[in-house]
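Presented below is the structure to which this report refers.
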Amino acid sequence: MEPQLRHTVTDGVATVVIDHPAKRNAMTTRMWGRVPPLLAGLAADPAVRALVLTGAGDTFCAGADISSLRESAGSAQDLAVRAEEALAAFPKPTLAVVRGYCVGGGCQLAAACDLRFAADDTSFGVTPARLGIVYPATTTRRLVSLVGPATAKYLLFSGELIGAERALRTGLVDEVLPSDELDKRVAEFTRVLAARSQLTQAAAKEFAAGRVDRDAYWAEQARGSDDTAEGVAAFLERKQPRFTWSPAAD
């Protein structure tokens, strides 16, 4: 089967699957290049309220397909960074669901998501030192913001793999579950994400990324939205709110 990115949209949640099982879901240059336009389409879809990124079968992503690096390391890395930045800029909550190996470029993609849930037998690694590759500043700083300078240096300097429990302790992942419980937990959590105010989520996502200059913009969005009135009324009436603000319509 040709390496590809598959996607579906169900009940407000877009699921993007990295599908290259012959090479543990390693990303080819074509796959890297497909990420930004795919995400742009999903971001513009008002039916999408959250996004899940995962791998086919029992592996998340073993990184870049090394054959593509041999052909043109600089070009492949540029495409990987663009894919990572497109994922980080996705205007709705993103969740990486990780099994098996999450290594190199795969770890870049997972780190670019807002949250990461992992099976308890997952292995994580940041491996440019094994290949003589220099990670860009934005990629390195994103890793540092998740795990802190000491752990980022450990991962980057050594290229060693760490297990899910250590990844949880360092902040690289948010929840670790037995593999047979992971899908159920993800389904529950994404239902929660899809039911919450996209206005709150979008503003919080920008502020968490350091966009404090957008305070006035988001205050204006809140004033022009019915989300606050809907949320308060639903709370008082003890019913589920129906939030209508959408970044796709902004």
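All of the numbers you see were taken from the coordinates with simple rules; none came from a lab. A quick note: this is a predicted structure, and the numbers were derived from the prediction, not measured. Don't worry about glycine lacking a Cβ; one is built from the backbone with ideal geometry, like all the others, and counts go over all protein chains shown.
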Tilt of helix 179-195 relative to the longest C-alpha principal axis of the chain, in degrees (0 to 90, nearest 10)?
40
Antiparallel DSSP bridges in the chain: what percent, to the nearest 5?
30
Give the shape of region 37-140 as rounded, prolate or oblate, defined through the alpha-carbon gyration tensor: a ≥ b ≥ c are the square roots of its eigenvalues, a/c under 1.5 means rounded, and otherwise the shape is prolate if a/b is larger than b/c and oblate if not.
oblate
Gyration tensor on Cα atoms of region 155-250, a ≥ b ≥ c root eigenvalues, a/c under 1.5 rounded, else prolate if a/b beats b/c, else oblate, says oblate
Region 197-237 - Rg over Rh from alpha carbon coordinates, Kirkwood radius:
1.05
Can you work out the Karplus-derived ³J(HN,Hα) for every residue in region 196-201? Use 6.51 cos²θ - 1.76 cosθ + 1.60 with θ = phi - 60°, whole Hz, and x for glycine or proline.
8, 5, 5, 4, 4, 5
Shape of region 86-170 from its Cα gyration tensor (a ≥ b ≥ c, root eigenvalues): rounded if a/c is under 1.5, otherwise prolate when a/b > b/c, or oblate?
oblate
Efficiency of FRET from Cβ geometry, T138 and E175, R₀ 30 Å, rounded to 0.05:
0.70
Expressed as a rounded percentage, what relative contact order does the chain have, with Cα pairs under 8 Å and six or more residues apart?
17
Report the label-to-label distance for K153 and R242 in nanometres (one decimal), using points 7 Å from each Cα along the Cα→Cβ vector.
5.5
Which FRET efficiency value, to the nearest 0.05, do you get for A219 and A195 by plugging their Cβ-Cβ distance into 1/(1 + (r/R0)^6) with R0 = 22 Å?
0.40
Exposure proxy check on H7, H20: fewest-to-most Cβ neighbours within 10 Å is H7, H20
Can you tell me which of F157, F60, F90 moves the most in a GNM of the chain? Springs connect C-alpha atoms under 10 Å apart.
F157
